[in-house]
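The values are calculated or read from the model by the stated rules, or taken from the named source; none is laboratory data. These numbers were taken from a predicted model, which means no experiment stands behind them. Here the Cβ positions follow ideal geometry from the backbone for every residue, glycine too, while neighbour counts run over all protein chains shown.
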Amino acid sequence: MPRTAPEVHADLVLEPRDVTFDWSGLPLHWIPDEPLATHTINVLHLLLPEGERWFIKVFKDALPLITDEQLREEVLGFIGQESIHAEAHQEVLDHLLAQGLDPRPYVRQIAWLFQRVLGEKPKLGPRQRRENIIERVAFVAAIEHFTAFLGNWALNSPGLDRAEADPTMLDLLRWHGAEEVEHRSVAFDLMTHLDPGYLRRVRGMAVSGPLLVHLWVRGVRFLLAADPTLDGRIVPTWRKALDISRRGLLPEPMASLRSGLRYLRRGYHPTQEGSSAQALSYLASSPAARAAAR
């Protein structure tokens, strides 16, 4: 089956960058005096280790179905980058635990969701197994749309700098965000390679979009309740989130919604989101990525 994506990224070579971060000096509230903003972003660390391991499993299952060699190479590069992403965010979870905030109860629920509910169904026949793989690829493509949106926001979020957010965490967010922008087309291209139908894309977003919002809201509530320094004093609300977003510390909720609606346009392709040049520029200057290159 021919590629359906634009050829603007025909020379894409995805390079896993083996970055490391020193979390020994990271404060629990790494955006000073902003525990709600801090923990809203910290939900990334709750979701991504298990989520990205699931992405890797889905893409490995899909490899035998790929008939386009360039796409195969991009998928392999995607797998390499996602593996390092998962480990980087896992290190943050370990640091939170050392500071007295135990993320494990929530993470166990996320692991159950990805491994049992969204995982491979071993008793399926060959035709049903192929269909299950493509359906899970569509879920990944929808989620990757939002991770690219968040990555683009992180690269263009001066509010975090004005708030004097911890520089190591900022580098993690922007390194990861830049790689999400860099490989933003791979999951979508894989989905359309396996099934170019529009309904598959709609169904992937219809499941993944609401699920991601639900998990994020639950994650914020969990982190605020588990934070040993807050004693349950902060209750998250959409009004508070909107106020924080207006100060540039979180993406604006309506911008997130508009992003999801863009994904449903028939002529949509992820190359319309973000800037590869900007992503590569940050990766060339990121302290962690430069250290990895050396």
Check your understanding: Looking at (1) surrounded by 15 or more Cβ atoms within 10 Å (Cβ to Cβ); (2) farther than 20 Å from VAL213 by Cβ; (3) of a type in the set (A, V, I, L, M, F, W, C), which is the one condition that is false for ALA291?
Key -> (1)
Check your understanding: Of all residues in region 48-64 being aliphatic (A, V, I, L, M) and surrounded by 15 or more Cβ atoms within 10 Å (Cβ to Cβ), which is farthest from the chain's Cα centre (by Cα)?
Key -> ALA62
Point to revise | Lone unmet requirement of (1) farther than 23 Å from ALA148 by Cβ; (2) at pLDDT below 95; (3) surrounded by 14 or more Cβ atoms within 10 Å (Cβ to Cβ); (4) not basic (Lys, Arg) for PRO2 | key: (3)
Point to revise | So LEU230, is it exposed (fewer than 15 other Cβ atoms within 10 Å of the Cβ) and among the hydrophobic types (A, V, I, L, M, F, W, C) | key: no
Exercise for review: Within region 144-163, identify whether any single residue is closer than 14 Å to PRO49 by Cβ, surrounded by 17 or more Cβ atoms within 10 Å (Cβ to Cβ) and within 14 Å of the chain's Cα centre (by Cα), and answer yes or no.
Suggested key: yes
Practice item. Name the one entry in GLY77, GLY119 that is assigned to a helix (DSSP H, G or I) and either farther than 30 Å from PRO228 by Cα or among the basic types (Lys, Arg) (or both). Key: GLY77
Review point. Looking at ALA277, is it out of contact with any helix residue (DSSP H, G or I) (no Cβ under 8 Å at 6 or more places or on another chain), in a helix (DSSP H, G or I) and either touching a residue at least 12 places away in the same chain (Cβ under 8 Å) or under 28 Å from HIS193 (Cβ atoms) (or both)?
Key: yes
Practice item. Looking for whichever is buried (at least 19 other Cβ atoms within 10 Å of the Cβ) and within 19 Å of the chain's Cα centre (by Cα) here; the options are GLU74, GLU91. Which one fits? Key: GLU74
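Residues checked against (1) under 21 Å from LEU215 (Cα atoms); (2) in contact (Cβ under 8 Å) with a residue 60 or more places away in the chain:
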residue: ARG53; (1), (2): yes, yes
residue: GLU69; (1), (2): no, no
residue: ARG72; (1), (2): no, no
residue: GLY80; (1), (2): no, yes
residue: GLN90; (1), (2): yes, no
residue: HIS95; (1), (2): no, yes
residue: ILE110; (1), (2): yes, yes
Check your understanding: Among the residues of region 177-227, how many are outside any helix (DSSP H, G or I) and surrounded by fewer than 16 Cβ atoms within 10 Å (Cβ to Cβ)?
Key -> 2
Point to revise | Number of the exception - ARG116 against (1) under 19 Å from the mean Cα position of the chain (by Cα); (2) within 18 Å of LEU46 (Cα to Cα) | key: (1)
Check your understanding: Looking at region 243-294, which of the residues that are touching an Asp or Glu at 6+ places or on another chain (Cβ under 7 Å) and more than 25 Å from VAL140 (Cα to Cα) is modelled with the lowest pLDDT?
Key -> ALA292
Study note, to complete from the structure: Of HIS39, HIS29, HIS45, the only residue that is within 15 Å of the chain's Cα centre (by Cα) and either modelled with pLDDT of 95 or more or surrounded by fewer than 21 Cβ atoms within 10 Å (Cβ to Cβ) (or both) is HIS45
